[in-house]
Amino acid sequence: MKTRITELFGIEHPIIQGGMHYVGFAELAAAVSNAGGLGIITGLTQKSPELLAREIARCREMTDKPFGVNLTFLPTFAKPPYPEYIRAIIEGGVKAVETAGRNPEPYLPYLKAAGIKVIHKCTSVRHSLKAEAIGCDAVSVDGFECGGHPGEDDVPNFILLPRAAEELKIPWRRSRSAPRASTWARASSRRRRRRSTRTSSRPSCGRPSSTRA
């Protein structure tokens, strides 16, 4: 299948694994990439930039396909060393980064200078348009029913996806399932989807079997 998302990230299928804390390890990312999608290592699951560099190297041993790293920018008392994490990503040769949380604009120049494609996770059309305006290459549109990053507007994909299709010019992906055929048709005719929860039930995700759905 050929879409703007597959062309942007050099993948076979328009499926991107979502970043998931304590789930997005090298094993899962490599499995998704080997299947033709874009696997994602969750950056902050690794407690230090050095550990992230090791996880990237581990993933390279398991796949020769493209994979990415998720970086979530959140307000914390102890701010993670984001510049060092970004350096580990760049030095590891990763060419795709999924950002989430706060505005990634302060870090975009470093990522773009390294030739990295940035997809930002958004829960509203206005945030998606902002991501487009600051130079993100793509966005992930996450409705209220999506896990992990529901936003504050309580707007589900049923409403959000058609509006995103009308407004956005850059490639975008939808998260989770579409509630009706017309929503699927309007969104899927233009972009892709992200998978998180279902992939976490697979043995390759690295989670203990007692915690998998």
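What whole-number volume per residue, in cubic angstrom, does the convex hull of the C-alpha atoms of region 1-138 give?
Working: hull volume 14.0 nm³, N = 138.
Each residue corresponds to 101 Å³ of Cα convex hull volume.
At a Förster radius of 41 Å, what calculated FRET efficiency corresponds to the Cβ-Cβ distance of residue 61 and residue 145, to the nearest 0.05? Write out the running numbers ahead of the final one.
Numbers: r = 36 Å, r/R0 = 0.88.
So the FRET efficiency works out to roughly 0.70.
Compute log10 of I(q)/I(0) for region 76-164 with the Debye formula, placing one identical point scatterer on every Cα and leaving out solvent, at q = 0.23, 0.25 Å⁻¹, to two decimals.
-1.11, -1.20
If you filter region 1-95 for trypsin sites (Lys or Arg not before Pro), then keep DSSP loop positions with at most 12 other Cβ within 10 Å, what is left? It would help to have the intermediate numbers written out before the result.
Details: sites: 2, 4, 47, 54, 58, 60, 87, 95; in loops: 2, 47, 95.
Sites meeting the loop and neighbour criteria: 2, 47.
Want the number for residue 87 to residue 74: 0.36 nm per residue separation, take away the alpha-carbon distance, what's left? Don't skip to the end; give the middle numbers.
Details: separation 13, 0.36 × 13 = 4.68 nm, distance 1.88 nm.
Gain in length upon complete extension: 2.8 nm.
On the protein heavy atoms, probe 1.4 angstrom, tell me the percent of accessible surface of region 1-41 carried by carbon and sulfur. Display every interim value, and only then the final one.
Details: 940 of 1590 Å².
C and S atoms contribute 59 percent here.
Does region 14-73 come out rounded, prolate or oblate, given a ≥ b ≥ c as the square roots of the eigenvalues of its C-alpha gyration tensor, rounded meaning a/c under 1.5 and, failing that, prolate meaning a/b above b/c? Before the final figure, lay out the partial values.
On the way: a/c = 2.22, a/b = 1.34, b/c = 1.65.
Note, shape of region 14-73 comes out oblate.
What list of ³J(HN,Hα) couplings, whole Hz, do you get for region 42-48 from phi and the Karplus terms 6.51, -1.76, 1.60, once you set θ to phi - 60° and write x for glycine and proline?
So the Karplus estimates, Gly and Pro as x, are 7, x, 7, 5, 7, 6, 8 Hz.
Relative contact order (percent) for region 79-132, with alpha-carbon contacts under 8 angstrom and 6 or more residues of separation?
Values: 38 pairs, mean separation 18.9, N = 54.
Across region 79-132, relative contact order equals 35 percent.
The values are calculated or read from the model by the stated rules, or taken from the named source; none is laboratory data. These figures come from a predicted structure and were not determined experimentally. Every residue, glycine among them, receives a Cβ derived from its backbone with ideal geometry; neighbour counts consider all protein chains shown. Surface accessibility is based on the protein's heavy atoms, side chains included, excluding ligands, DNA and RNA. Shrake-Rupley method; radii C 1.70, N 1.55, O 1.52, S 1.80 Å.
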